[in-house]
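This report refers to the structure that appears directly beneath it.
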């Protein structure tokens, strides 16, 4: 009852790498559990800094019912200026709490978990919204860690991709991701300098940038039927969002923090442009067509971190890779 474990980032990444299909399944079930109301996912809390307006540390508390039945909180820092020093933008920890007693039982390095749940969500949405696991061309805009994880999840789900196109404002990042996709994932890859060239002709477009406001503003930026994974949430102008099918992970959560859907709500004064949630699409409650673009905008739910974190925790216990901290709690009896 009073055991406490620590799971480091290397262990988490190794376990994730061996179990990506199972993580996609866990994310799918979590969306359905959340849609059914068996979860608590409060608003995220943003700690901001007056002298660093682009930086923030975010607290995501949550409870996930169903088979997971665990509570917890992710504490994730997002410092975009880090990339100028060649280090990742995000760092995170995840604390898991026992639902029966409230006692914490594990802490995990969570940047790997956060990246995995984001990537699993993106690839699940791509499969659901395209109706399969194949694409003539996938384009990735933003060549960072999240993009790399998304491509690794595409690979683990055995997607058949004729061509990968990578675009980043820094050519060396684009070339690094394209090289990784070719050498490690067996994808035919190339980089392009222009955003329009990158997007045109792609079946699936993935945005994984650190953009703070929309820069994709041309009304015809996306073609009818094109599936757009709006993972970084703020790249696309509200006018484009308004003219597309829009799938989100959670409507209330996505309408915050000046995301592209939130900007559309503010501009048009309603949410009529929202088609529904990914869980509703999975259940068959809603559908999308090919007469206009399909945009998936996931705000990133804390329940997903719990699902992936709980999976990694149990896997680490089973493999003997969890580090047990003896006598973590100073008192374990009331008297």
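For a test of the definition: using alpha carbon positions, the gyration tensor, and the 1.5 limit on a/c, classify segment 238-302 as rounded, prolate or oblate.
Taking the square roots of the gyration eigenvalues as a ≥ b ≥ c, segment 238-302 is oblate.
For a quick check, take a GNM of the chain with Cα springs below 10 Å and name the residue from 135, 120, 71 with the largest mean-square fluctuation.
135
Can you give the % of DSSP beta bridges in the chain that are antiparallel, to the nearest 5?
Rounded to the nearest five, the antiparallel share is 50 percent.
What is the distance in Å between the Cα centres of segment 263-318 and segment 189-239?
18
In deg cm²/dmol and to the nearest 500, what is the mean residue ellipticity at 222 nm of the chain if only DSSP H runs of at least 4 residues count, each as -39500 (n - 2.57), divided by the residue total?
When only DSSP H runs of four or more count, the value is -11000 deg cm²/dmol.
Round to the nearest 10 and give me the degree value, 0 to 90, for the angle of helix 302-319's Cα axis relative to the longest principal axis of the chain.
Tilt relative to the chain: about 60 degrees.
Return 335, 75, 159 ranked ascending by Cβ neighbour count within 10 Å, so the fewest neighbours appear first.
335, 75, 159
Please rank 24, 205, fewest neighbouring Cβ atoms within 10 Å first, as an exposure proxy.
24, 205
Please identify, among 286, 247, 76, the residue showing maximal mean-square fluctuation in a Gaussian network model of the chain using a 10 angstrom Cα cutoff.
286
Cα gyration tensor of the chain, axes a ≥ b ≥ c as square roots of the eigenvalues: rounded (a/c below 1.5), prolate (a/b > b/c) or oblate?
Details: a/c = 1.66, a/b = 1.48, b/c = 1.13.
Prolate, since a/c reaches 1.5 and a/b exceeds b/c.
Quick check on segment 119-198: take the gyration tensor over C-alpha atoms, sort the square-rooted eigenvalues as a ≥ b ≥ c, and tell me if it's rounded (a/c under 1.5), prolate or oblate.
Prolate is the answer for segment 119-198, as a/c is 1.5 or above and a/b outweighs b/c.
As a footprinting exposure proxy, order 146, 87 by other Cβ within 10 Å, with the fewest listed first. The partial results should precede the final answer.
Working: 146 25, 87 10.
The order, fewest Cβ neighbours first, is 87, 146.
Every read-out reported here was derived from the displayed coordinates using simple, explicitly stated rules and does not represent laboratory data. All of these numbers come straight from a predicted model, not from anything done at the bench. Because the Cβ atoms are built from the backbone with ideal geometry, glycine has one as well, and the counts that use them run over all protein chains shown.
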